[in-house]
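The next block holds one structure in the form of structure tokens; read it before the comments.
FYI, it's all coordinate maths here, none of it is from the lab. Everything quoted here is computed from the prediction, not taken from an experiment. Backbone-built Cβ (ideal geometry, glycine too); neighbour counts: all protein chains shown.
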Amino acid sequence: MSERDIPQLLTPVTPSTSDEPVENIIVSVSTTFFPGAEHAHVPGFPDFIIVSSDSVHFYVHVDKLLDASKNGFNSLLPLRPEDQKDGMELVLKLPETSSVLNIILHTIYTISCAHYSPTVDVIVEAVNSFPKYGIPVGTYVALWTPLYQLILSVAPYSAIEMYALAASHDLYDLAVPISSHLLGFPLSSITDDLATRIGPVYLKRLVFLYLNRMRALKQLLLCPPRPHEATEKCDTLEQKKLTRAWALGAANLVWDARPDLSASSIISVLSFLTDGLTCTLCHDSLQARIRELVVQWSDVKASNEVWSLVLACLLQQSNHTTHTYRAFTVSNIIYTPHHYLHHHHCRQQQRYPTTNLLPPQLRKRL
Ligand SMILES: [Zn+2]
């Protein structure tokens, strides 16, 4: 939390009833959790203060924190009456910094703290401290909660850290959309520490995401330009030159390709094949196949984004959500979403009857 967000309040450090002169010091108070703050769906005014390691005061409700916690907020609440000194308010000092506590408390109150722009390290530390305070991570970082959206908003520029965070808490709904930002991430740069944090299951899923997309690319490239009818200048034998050239170009493309291979890379590599072509029909066929390939590959690349929407819709279905979700997981579709699209295009959606649960606009998009 930046200093500008924290009002500086004058607070007596000795009881005002004392005969001694009152000495005033400046204390920092949260702009969200201040004395007299009112929060939606939280009755009454704050009844105790949490003080961070950097001495920022958060005025909060004991009932709200106890409702959120499964372990009495690390067995620290409720505070004992003897902790209350004459004329002073109940105070709980915690070892976390104000930035970390800011996220924890905003999350408990279901308020977005995105406007504080917390750093990635602070977000990670805050979420990792949830278990200590008995706050169920799966509940408070569930789909569409403020913290879920905050983590997604930083994922584009810190994808592997956010993926590791989601993986370490088994936040599947979060890990899937984050993984779409990891297609350009070199897996070889994953350190032992990072692999440990991600864990074997989510690491395997990430590797399979890469492998499946590369396999999809190779399958697309296996299909050469369509031959045209034999002419005087270009018979079947002559057209095999283009097929061979395509195979070489495809091999060249796959050699350095990553799962986030761009359309411009495909076009620049394969367009060179037109150089040796004298037949107009072969030339047109090659250009048509390149255009088709670019569209097919963009479908594969977009499938992660689409799949995120599918998941969101499925999870919003009230009754058969868990069953549906697991069915897709067992089918290994979740990490090979292009298969899902492929099957859909092949009109085999009866294999996945849950497609019918999707809203019409998404079905149309798929
Ligand atoms: Zn030809």
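Please list the non-local residues whose amide H lies under 5 Å from the amide H of Asp47, H modeled 1.01 Å from N, same-chain partners needing a gap of 5 or more.
Residues meeting the criterion, in which the H sits 1.01 Å from N, are Val60, His61, Val62.
Mind giving me the FRET efficiency for Leu66 and Ser298? R0 is 45 Å, r the Cβ-Cβ distance, nearest 0.05 is fine. Display every interim value, and only then the final one.
On the way: r = 50 Å, r/R0 = 1.12.
Computed FRET efficiency for Leu66 and Ser298 comes out at 0.35.
When only C-alpha pairs under 8 Å and at least 6 residues apart count, what is the relative contact order of segment 62-150, in percent?
Details: 78 pairs, mean separation 32.8, N = 89.
Dividing the mean separation by the residue count of segment 62-150 yields 37 percent.
Kindly put Glu38, Glu96 in sequence by how many other C-beta atoms sit within 10 Å of each C-beta, fewest to most. Each step should come with its number before you reach the end.
Working: Glu38 9, Glu96 20.
In order of increasing Cβ crowding within 10 Å: Glu38, Glu96.
Please tell me the relative contact order of segment 75-225 in percent, rounded to the nearest whole number, where contacts are Cα pairs under 8 Å and at least six residues apart. Could you put the intermediate results ahead of the total?
Working: 104 pairs, mean separation 22.9, N = 151.
Dividing the mean separation by the residue count of segment 75-225 yields 15 percent.
Any chance you could run the full-extension gain for Thr31 through Arg80? It's 0.36 nm times the residue separation minus the Cα-Cα distance, nm to one decimal.
Contour length minus the Cα-Cα distance gives 15.0 nm.
How do the peptides 207-218, 250-261 rank, highest first, by the average count of neighbouring beta carbon atoms within 10 Å per residue?
Taking the mean over residues of other Cβ atoms within 10 Å, the ranking is 207-218, 250-261.
Sort 242-249, 58-65 for me by packing, meaning the mean count of neighbouring Cβ atoms within 10 Å per residue, highest on top.
Values: 242-249: 16.2, 58-65: 20.0.
Top to bottom by mean Cβ count within 10 Å: 58-65, 242-249.
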